[in-house]
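Just so it is clear, none of the values below were taken in a lab; they were calculated from the coordinates. Keep in mind that this is a model prediction, so the values were computed, not measured.
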Amino acid sequence: MYELPLVGLIAGRLNEGRLRIQVVAGPRQVGKTTAVKQALRHYGKPFTYRLAEGLGIDPLAWLESEWQDARIQAKSLGEYLLVIDEIQKVVGWSELVKRLWDEDTFEDVPLKVLILGSSRLLLQRGLNESLEGRYEMIEAWHWSYADMHDAFGFSIDDYVLFGGYPGAVPYIKDEERWRTYLRDSIIEPSISRDILQLERIAKPALLRQLFALACMYSSRILSYQKMLGQLQDAGNATTLAHYLRLLGEAGLVAGIEKYYDEPVRAKASSPKLTVCNTALMTAMLPYGFDELRARHDLWGRVFESAVGAHLMPGCRRKNIQLRYWNAGNKEVDFVLQKGDRIAALEVKSADADSVSGMKEFKARHPLAKPYLIGGQGMAAERFFTCEVADFV
């Protein structure tokens with residue numbers, strides 16, 4: 001079985017001393033449970049793995065019972081690990097975990113705790129409300145091109161078209177089954193079970209419309225006013241911005257802000273819509289696989305979206321600002337900023353594509369590092385295997 005790069009990080013954390021609660025969070029169907037199970041094979045010490053799903057008793061009573069049993073094991077054996085999967089299904093879990101963890105800390109109980117959740121939004125709310133300073137986040141993300149290539153032999157075109165969902169691979173020869181899997185196993189649960197469980201969602205239909213619109217317009221800059229004109233019962237721009245942020249935290253679609261020399265202005269910019277995984281875009285577009293590949297305009301947008309999806313997790317991990325830039329009809333697809341270091345990335349799906357945006361940006365920011373991706377620039381295979389931090 002292919003071993004995910006995340007396995008080494010999880011295994012390393014588990015083999016450290018008892019520091020903080022380890023939390024593995026990320027989008028649905030990206031292999032969080034698989035990575036943890038692989039990491040446990042490297043752990044080499046006693047542990048209990050429990051899934052908080054289909055419980056026949058009160059979830060909080062169940063969680064406390066499992067913790068008490070692990071506490072007894074830790075006192076007896078000298079070290080013990082408790083792993084709880086799908087913790088977000090236990091309503092009120094964070095307050096209970098805080099109390100039990102603080103008790104064990106005070107009494108020097110050598111119990112380690114690893115928590116997994118498929119809803120980063122729900123997990124983060126519980127963590128921020130009750131467990132501040134007591135946990136360390138291990139963020140899972142969609143599989144990279146290198147992962148999909150090593151595990152399934154994906155080509156670049158395969159990765160651009162089908163994205164980084166390993167569970168969808170068995171269905172790629174059947175377009176309808178593949179799309180059904182994406183809708184039923186990823187899109188719908190991510191929206192209905194994760195985002196819509198938040199009390200702040202006043203307009204569920206609007207959030208679904210916004211997701212569909214962002215998939216259709218991925219790689220394009222779209223003002224909130226234009227979005228309001230295409231959505232029913234849209235409310236206002238503040239509501240749309242809030243929903244777009246939630247969709248981004250769920251690993252579905254995001255709105256990239258414009259690069260300004262004065263960062264405070266970025267919040268007021270029109271977002272560049274970008275899917276977090278190109279499978280979401282190709283599943284929602286009303287075109288077959290062959291037509292997507294044949295149409296230069298469509299394929300160029302999907303390819304640029306794949307570039308954006310590759311950049312997002314690397315920027316999150318390394319605290320790099322991800323932006324776009326435009327002035328009039330001139331545009332740079334992606335701008336990376338880390339402190340005083342700036343990189344400008346222009347995505348080209350053909351050799352003849354214009355680079356006037358890059359020339360203008362360089363004239364205004366001469367110290368920026370320029371990169372052309374595709375066309376006569378950096379080969380796609382090389383780009384998708386590079387660490388994002390290497391660009392800045």
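Taking square-rooted eigenvalues a ≥ b ≥ c of the alpha carbon gyration tensor, is the chain rounded, prolate or oblate, where a/c under 1.5 means rounded and, failing that, a/b exceeding b/c means prolate? Mind showing how you got there, number by number?
Values: a/c = 1.77, a/b = 1.71, b/c = 1.03.
Note, shape of the chain comes out prolate.
With an 8 Å Cα cut-off and a minimum separation of 6 or more residues, compute the relative contact order for segment 6-139 in percent. Intermediate values should be presented prior to the final figure.
Working: 196 pairs, mean separation 50.7, N = 134.
With pairs under 8 Å counted, the relative contact order is 38 percent.
At a Cα cut-off below 16 Å, give the lysines reachable from LYS359, other chains included and same-chain residues fewer than 8 away excluded.
Within the straight-line cut-off, LYS359 pairs with LYS330, LYS348, LYS369.
Determine the shape class of segment 6-139: with a ≥ b ≥ c the square roots of the Cα gyration tensor eigenvalues, call it rounded for a/c under 1.5, and otherwise prolate if a/b is greater than b/c, oblate otherwise.
Details: a/c = 1.33, a/b = 1.05, b/c = 1.27.
Cα axes put segment 6-139 in the rounded bin.
What share of Cα pairs, in percent, lie more than 23 angstrom apart in segment 160-284?
On the way: 2563 of 7750 pairs.
The share of Cα pairs beyond 23 Å in segment 160-284 comes to 33 percent.
Looking at segment 145-391, send over the antiparallel percent of its DSSP beta bridges, to the nearest 5.
Numbers: 16 of 24 bridges.
Roughly 65 percent of the DSSP beta bridges within segment 145-391 come out antiparallel.
So what's the back-of-envelope 222 nm ellipticity for the chain, counting only DSSP H runs of four-plus at -39500 (n - 2.57) apiece and dividing by all residues, rounded to 500? Provide the component values of the computation, followed by the final result.
Details: 16 runs with 169 residues, N = 392.
Rounded to the nearest 500, the figure is -13000 deg cm²/dmol.
For LYS173, go through the lysines and keep the ones whose alpha-carbon is under 18 Å away, minus same-chain ones fewer than eight residues off.
Here the lysines satisfying the reach criterion relative to LYS173 do not exist.
How about LYS98: which lysines have a C-alpha closer than 26 Å to its C-alpha, ignoring those fewer than 8 places off in the same chain?
Candidates past the 8-residue exclusion: LYS32, LYS37, LYS45, LYS75, LYS89, LYS112.
Considering only DSSP beta bridges whose two residues both sit in segment 286-392, what percent are antiparallel, to the nearest 5?
Working: 11 of 17 bridges.
Just about 65 percent of them are antiparallel.
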